[in-house]
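Bear in mind that the values in this text are calculations on the coordinates, not laboratory data. Treat the numbers as computed from the prediction; the structure is a model and nothing was measured. In this analysis, Cβ positions are derived from the backbone assuming ideal geometry, glycine residues included, and neighbour counts consider all displayed protein chains.
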Amino acid sequence: MKDWIDRAEALGLLGVKPQTLYAYVSRGLIEVRREANSRSSQYRTADVTALAGRRGRSRSRSAVAAGSMAWGEPSVVTAISTVHRGRLIYRGLDAVDFSQHATLEVAARLLWNSAGEAGFAIPVTDTGNPFQALAALVPESHASIGRSSERLARDAQAAIARIAASCGLGPGQGPLHATLGTLWSLTAEETDLVRQALVLLADHELNASAFAARVAASTGAPLTACLLAGLSTLSGPKHGGASAALLRLLDEAAAVGPQPAVQGWLDRHGFLPGFGHPLYPQGDVRAAVLATRIAIEPMMQELQDLVLDLTGTLPNIDFALTALARAMRLPSSAPFTIFLLGRSVGWAAHAMEQARDAALIRPRARYQGPVPAPSSGT
């Protein structure tokens with residue numbers, strides 16, 4: 001897809017008059033640039049197509065509300081992060097640039113808007129799996145509403161440390177990427193790549209698991225319970241389970257060949273795990289920056305080239321995590337571990353922000369079932 005289109009194409013996609021197009025530009029809804037050596041203007045394609053999609057939907061209140069639930073209109077006000085014209089932004093900073101040197105601990109301080117130092121003191125404890133680790137903390141935790149930012153940050157650090165312990169990380173106070181490097185016997189360069197992946201995964205606007213964490217926080221649930229809500233949502237195959245699905249696709253590709261495997265997966269599921277992202281029409285910037293540091297194995301490279309040729313879609317962060325894990329010969333659970341540890345920081349940020357807002361998230365359902373007839377009076 002072209003990054004820029006001319007006025008005629010923009011008007012055609014939008015179905016509006018020129019003055020309406022100019023109004024969109026003046027309101028900042030569509031970015032415009034002047035063509036080189038010309039008086040003509042070009043319009044950013046992604047902005048035009050996004051606006052055209054919104055115009056194409058019914059503008060009734062119920063339709064707008066329903067549309068906001070699936071990649072639709074923004075529905076929650078946040079200062080934590082956003083994806084803006086293909087860039088991931090953390091509190092006003094470009095996340096890719098930020099990830100070049102930041103640790104997850106520094107990212108936590110930024111996303112939590114915390115003045116204190118952030119660190120995760122991993123305890124010496126047999127916490128079981130991450131679900132058990134968080135669930136064990138909930139009964140002794142305090143409601144999130146009405147607590148200070150410092151206490152909520154303290155709760156978050158304790159909960160994430162328990163998650164880390166449940167993932168097999170040894171006890172201590174060091175940066176999580178360094179502890180993962182020790183667990184997986186990584187080189188310094190490999191450990192630094194894990195550090196960058198953790199930072200890039202720390203938050204991603206109002207994704208499904210962050211929304212679940214915010215819903216829990218809106219009820220006043222303890223921060224540990226909010227993280228548990230996020231974890232439960234992350235466990236789904238369409239979210240944190242995408243890397244596991246990609247591994248199955250790679251197994252099929254090794255058994256029958258990449259093209260039959262890809263076509264069969266598309267026939268069965270209608271999508272390919274590890275490829276494409278609605279918020280990144282030009283490619284997932286997180287995957288792109290990690291790919292520059294990963295020696296992608298031949299089978300994954302062949303799969304990437306084939307998918308681009310067949311569908312025009314580029315790898316997303318799930319592909320990058322899987323490529324990272326295979327290049328370093330990590331356990332098959334490693335992509336989920338990295339995703340979980342990184343994203344838990346974002347869940348905590350959203351829970352804290354929602355707790356400060358103190359508003360209950362309670363949308364209405366659009367009922368489509370039968371309604372009993374009115375009862376007759378006597």
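Between G276 and L314, N316, the built amide H atoms are under 5 Å apart, and every one of these is 5 or more places off in sequence or on another chain. Among [x] 19.5; [y] 25.9; [z] 16.4, which is the computed mean projected area of the Cα convex hull in nm²? Step by step, mean projected area of the Cα convex hull in nm² for this structure corresponds to label [y].
Here the gap between Q132 and L93, fully extended at 0.36 nm per residue and compared with their Cα-Cα distance, gives a gain of 10.6 nm. Where in the chain lies the longest segment free of chymotrypsin sites (Phe, Trp or Tyr not before Pro) that are both loop residues by DSSP (not H, G, I, E, B) and have at most 11 other Cβ atoms within 10 Å? Counting at most 11 other Cβ atoms within 10 Å as exposed, the longest clean stretch of the chain is 72-366. About its Cα centre, region 94-360 has a charge dipole of approximately 600 debye under the convention of +1 per Lys or Arg Cβ and -1 per Asp or Glu Cβ, with nothing else charged.
Annotation for D267 and R151: the two label points, set 7 Å from Cα along the Cα-Cβ direction, are 6.0 nm apart.
GNM on the chain, alpha-carbon springs under 10 angstrom: the most fluctuating residue among Q196, Q304, Q368 is Q368. Projecting the Cα positions of P130, T191, G240 onto the charge dipole of region 94-360 (unit charges on Cβ atoms of Lys, Arg, Asp and Glu, taken about the Cα centre) puts P130 furthest along the positive direction. Extension gain, L29-R7: 0.36 nm per intervening residue step, less the Cα-Cα distance, totals 6.4 nm. Dipole of the chain computed with +1 at Lys/Arg Cβ and -1 at Asp/Glu Cβ about the Cα centre; of M299, F319, Y24, farthest Cα towards the positive end is Y24. Converting phi to 3J(HN,Hα) with the Karplus coefficients 6.51, -1.76 and 1.60 and the offset θ = phi - 60°, region 130-139 yields x, 4, 5, 4, 6, 4, 5, 7, 4, x Hz in sequence order, with x at every glycine or proline. Sequence-distant or interchain residues sharing an amide H contact under 5 Å with G172, placed H: which? Amide H neighbours of G172: I122.
Taking one quarter of the surface of the convex hull spanned by the alpha-carbon atoms of region 82-205 gives a direction-averaged projected area of 8.5 nm².
Between A254 and S375, the FRET efficiency from the beta-carbon distance, with R0 = 41 Å, is close to 0.05.
If you plug the beta carbon distance of R293 and T125 into 1/(1 + (r/R0)^6) with R0 = 35 Å, you get a FRET efficiency near 0.55. When the helix-only estimate is applied to the chain (DSSP H runs of n ≥ 4, each -39,500 (n - 2.57), divided by the residue count), what is the mean residue ellipticity at 222 nm, nearest 500 deg cm²/dmol? Calculated mean residue ellipticity at 222 nm is -16500 deg cm²/dmol. What is the set of long-range amide H partners of W4 at a cut-off below 5 Å, with H atoms built 1.01 Å from backbone N? Here T45 satisfy the definition.
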